[in-house]
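The values are calculated or read from the model by the stated rules, or taken from the named source; none is laboratory data. Since we're looking at a predicted model, the values are computed, not measured. With ideal geometry, Cβ positions are generated from the backbone for all residues, glycine too; neighbour counts draw on all protein chains shown.
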Amino acid sequence: MQDIKSLTLEELKQEMGRLGEPSFRAKQMYQWMHQKLARGFGEMTNLSVHLREKCAREYGFTALEPVQVQQSAKDGTTKYLFALSDGNLIETVWMKYKHGNSVCISSQAGCRMGCAFCASTKNGLSRNLSPAEMLDQIYAVTLLTGERVSNVVVMGIGEPLDNYGNLIKFIKMLTDDNGLHISQRSVTVSTCGLVPGMRRLAEEGLQVTLALSLHAAEDEKRKELMPVANKYPIAELLEACAYYFEKTGRRITFEYALIAGVNDGKEEAVKLGRLIGSLNCHVNLIPVNPIEQGKFTPPEGAFAVAFKNKLEKNGINVTIRREMGRDIDGACGQLRGRASRR
Ligand code: SAH
């Protein structure tokens, strides 16, 4: 069955034409789904009962069911475990910042990238999420919190550039003025570094921020942490970043998970500084969230600060990410992993 919430307004107009409906019906229906966040055709009260029933027969209508909700006692960060219609589980995180509310969404159920420190990839990829299932996470959190979402980060479970077509459609629908109309500049897509996807994204004519999960300043070290590094060396990643900036004018964000004794030394900070010093960028240092006892642990606070200072000496803009939601299994994929083991 055609998933109606994954159709763009143009596609929906064609569908309504096929059903013999005028094209303004499509706009009404689109706004019910993407602005008023209706959870079914039954809520669309300005459409005839006949049309609503017909649509319910013809189309699938996705909606997420919260399975578990964990709220941090420290900072109000809330993590939702949602079930998709087929029973697959995904995670969505809601974070409150001074500058607005941010939602971190999943782009796939599971992941096939295999990063050593990441919980989301432990059972591989189950499937891609549809555009509607990505939108649904934002809609569900908006309805559950009663608050407006201002920023969206695609940094939850999955590799967004491994689900490229659905990701682009999702971004276009999220930022459409017949939908929530979130600014493209308030959307961040994080990748482990799929070079062809990064280059393609540069050419989409979008204004989203690209975040690259670097985590190491040398290929050999990066390969130990991220299998994808065997395919794309750092030099190619940085060329793709420069190309992204050239095409979009958007400053690149580099994510660097600090892991004690692995990539948090002064030498690494110096190498990283040399590597990216000439790019227009921002570095986000993330003390690693341990996913298994004893394996990857975050550095002592002083090490993180020393790492930051070294980079700043090279004129690089750096922040240490606040460890939001550590008390609620903050690392993405932990909740899903635990729930599916049960
Ligand atoms: N696949 C994409 C987006 C999802 S992961 C990517 O790789 O960027 C989002 C970010 O969280 C990435 O930077 C990832 O490397 C990081 N991450 C994953 N597990 C982590 C952990 N246990 N501690 C800290 N950061 C982690």
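Details
- Restricting attention to the range 152-182, the residues that are in a loop (DSSP other than H, G, I, E, B) and away from the ligand (no atom under 16 Å from the Cβ) add up to 8.
- Verdict on CYS111 being surrounded by 17 or more Cβ atoms within 10 Å (Cβ to Cβ), in contact (Cβ under 8 Å) with a residue 24 or more places away in the chain and closer than 22 Å to TYR164 by Cβ: yes
- Residues satisfying the stated conditions in the range 39-53, i.e. in contact (Cβ under 8 Å) with a residue 12 or more places away in the chain and of a type in the set (A, V, I, L, M, F, W, C): PHE41, MET44, LEU47, LEU51
- The lone exception for ALA260 - which of (1) at pLDDT below 95; (2) assigned to a loop (DSSP other than H, G, I, E, B); (3) in contact with an Asp or Glu (Cβ under 8 Å, 6 or more places away or on another chain) it fails: (1)
- Of all residue pairs spaced 6 or more apart or on separate chains, those with beta-carbon atoms under 6 Å, a first member in the range 242-270 that is within 16 Å of GLU300 (Cα to Cα) and a second member that is polar (S, T, N, Q) are ALA260/THR297.
- Within the range 183-237, the set of residues being part of a helix (DSSP H, G or I), within 16 Å of the ligand (Cβ to nearest atom) and closer than 14 Å to LYS172 by Cα comprises just one member, LEU201.
- Among the residues of the range 324-341, those identified as surrounded by fewer than 15 Cβ atoms within 10 Å (Cβ to Cβ) and either modelled with pLDDT of 95 or more or within 16 Å of the ligand (Cβ to nearest atom) (or both) are ASP327, ARG338.
- Residue list for the range 1-10, restricted to those being surrounded by 15 or more Cβ atoms within 10 Å (Cβ to Cβ) and assigned to a helix (DSSP H, G or I): ILE4, LYS5, SER6, LEU9
- Filter result (out of contact with any Phe, Trp or Tyr (no Cβ under 7 Å at 6 or more places or on another chain), among the aliphatic types (A, V, I, L, M) and either surrounded by 15 or more Cβ atoms within 10 Å (Cβ to Cβ) or assigned to a strand (DSSP E or B) (or both)) within the range 66-88: LEU81, ALA83, LEU84
- Filter result (closer than 15 Å to LEU335 by Cα, among the polar types (S, T, N, Q) and away from the ligand (no atom under 11 Å from the Cβ)) within the range 95-129: ASN123
- Residues in the range 53-65 that are modelled with pLDDT of 95 or more and either closer than 22 Å to ALA83 by Cβ or buried (at least 17 other Cβ atoms within 10 Å of the Cβ) (or both): 7 in all.
- Criterion: of a type in the set (Gly, Ala, Ser) and under 21 Å from LEU194 (Cα atoms) - qualifying residue of SER102, SER107: SER107
- Taking the range 103-112 as the range and being under 15 Å from the mean Cα position of the chain (by Cα) and either part of a loop (DSSP other than H, G, I, E, B) or of a type in the set (Val, Ile, Thr) (or both) as the test, the residues that pass are VAL103, ILE105, SER106, SER107, CYS111.
- Residue list for the range 9-38, filter: of a type in the set (Lys, Arg) and touching a residue at least 40 places away in the same chain (Cβ under 8 Å): LYS27
- Residue count for the range 20-50 satisfying the condition of being surrounded by fewer than 13 Cβ atoms within 10 Å (Cβ to Cβ) and among the aliphatic types (A, V, I, L, M): 1.
Residues are listed down the side, and each one gets a yes or a no for (1) free of Cβ contacts under 8 Å to residues at least 60 places away in the same chain; (2) in contact with a strand residue (DSSP E or B) (Cβ under 7 Å, 6 or more places away or on another chain); (3) over 27 Å from ASP264 (Cβ atoms):
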residue: GLY165; (1), (2), (3): yes, no, yes
residue: LEU180; (1), (2), (3): no, no, yes
residue: VAL189; (1), (2), (3): yes, yes, no
residue: LEU201; (1), (2), (3): yes, yes, yes
residue: GLU204; (1), (2), (3): yes, no, yes
residue: LEU210; (1), (2), (3): yes, yes, no
residue: ASP219; (1), (2), (3): yes, no, no
residue: LYS223; (1), (2), (3): yes, no, no
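- Residue ID - modelled with the lowest pLDDT, chosen from residues in the range 115-136 that are among the hydrophobic types (A, V, I, L, M, F, W, C) and part of a helix (DSSP H, G or I): ALA119
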